[in-house]
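Worksheet for the structure shown next.
The values are calculated or read from the model by the stated rules, or taken from the named source; none is laboratory data. Keep in mind that this is a model prediction, so the values were computed, not measured. When we count neighbours, we look across all protein chains shown, and the Cβ atoms used for this are built from the backbone with ideal geometry, even at glycine.
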Amino acid sequence: MDLDEETLLRRERVTGSAQALTLGVGIRYGPRPAGRRRFGTVSGAAGQDSGRGPRGPPHRPSAHARRRSARGDHDEACQLAEDVLARYREVRGADHPFTLAAANDLAIFRMRVGDSAVARKLIEDTAARFVHALGADHPYTLICQMNLANACFAANEITEAYRIAAQEGSRIDSDIEPAET
């Protein structure tokens, strides 16, 4: 198995066969014989995995909820995000990165409507699941941890908010500092 085939298999395992990035990897590696065989399997499975066929990335409903929230329709955004989260849990499982991203979005929308206690509980659980699924230093995990700090701040837990922000901020800084040569 060459590196391209490994990349495609890993992407398919983590994000699912119908996910836009998986399809993109399949297309990119399509000219190679192994990639072409794999892409045929991945693109053929796209309709079965999402239930909507290969058109449109599966994260579109989350984007719709984010647009609603950006327009000030926070209650509607919460409802859309709850629907997306329920669907991802059903289709992808509770610890899939898409499910966790949807839970992260829902927690943010909950903070925006003033439901900081629910938001904090949800984001705390989501942050722990991100650590388990992707590792403590993954960018999505770090973003979720910073959202946890925001949720603590919104719940008037200022000391905890600063503690989390300092801890995760130092982790982010260590990731972007150039290595000494």
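Looking only at residues that are among the aliphatic types (A, V, I, L, M) and in a helix (DSSP H, G or I) in region 136-152, which one is surrounded by the fewest Cβ atoms within 10 Å (Cβ to Cβ)?
It comes out as 143.
Looking at residue 133 and the list (1) surrounded by 15 or more Cβ atoms within 10 Å (Cβ to Cβ); (2) not in a helix (DSSP H, G or I), which single condition is not satisfied?
(2)
Please find, among 164, 123, 172, the residue that is among the hydrophobic types (A, V, I, L, M, F, W, C), at pLDDT 90 or above and assigned by TED's automatic domain parsing to the domain that holds residue 106. Let's see the steps before the verdict.
Values: 164 fails: at pLDDT 90 or above; 172 fails: at pLDDT 90 or above.
Answer to the selection: 123.
Pick out the one residue from 105, 4, 49 that is charged (D, E, K, R), modelled with pLDDT of 65 or more and on the phi < 0 side of the Ramachandran plot. If you could, list the steps in order and put the result at the bottom.
Details: 4 fails: modelled with pLDDT of 65 or more; 49 fails: modelled with pLDDT of 65 or more.
Residue meeting the stated conditions: 105.
How many residues does region 66-86 hold that are part of a loop (DSSP other than H, G, I, E, B) and small (Gly, Ala, Ser)? It would help to see each step written out before you state the result.
Looking only at region 66-86, we keep the residues that are part of a loop (DSSP other than H, G, I, E, B), and these are 71-73.
Among the residues that remain, those that are also small (Gly, Ala, Ser) are: 72.
Number of matching residues: 1.
Which of the residues spanning region 73-105 are basic (Lys, Arg) and in contact (Cβ under 8 Å) with a residue 60 or more places away in the chain?
Listed by number, the list holds a single entry, 92.
Quick check on region 76-102: of everything there that is over 19 Å from residue 135 (Cα atoms) and acidic (Asp, Glu), which residue is farthest from the chain's Cα centre (by Cα)?
76
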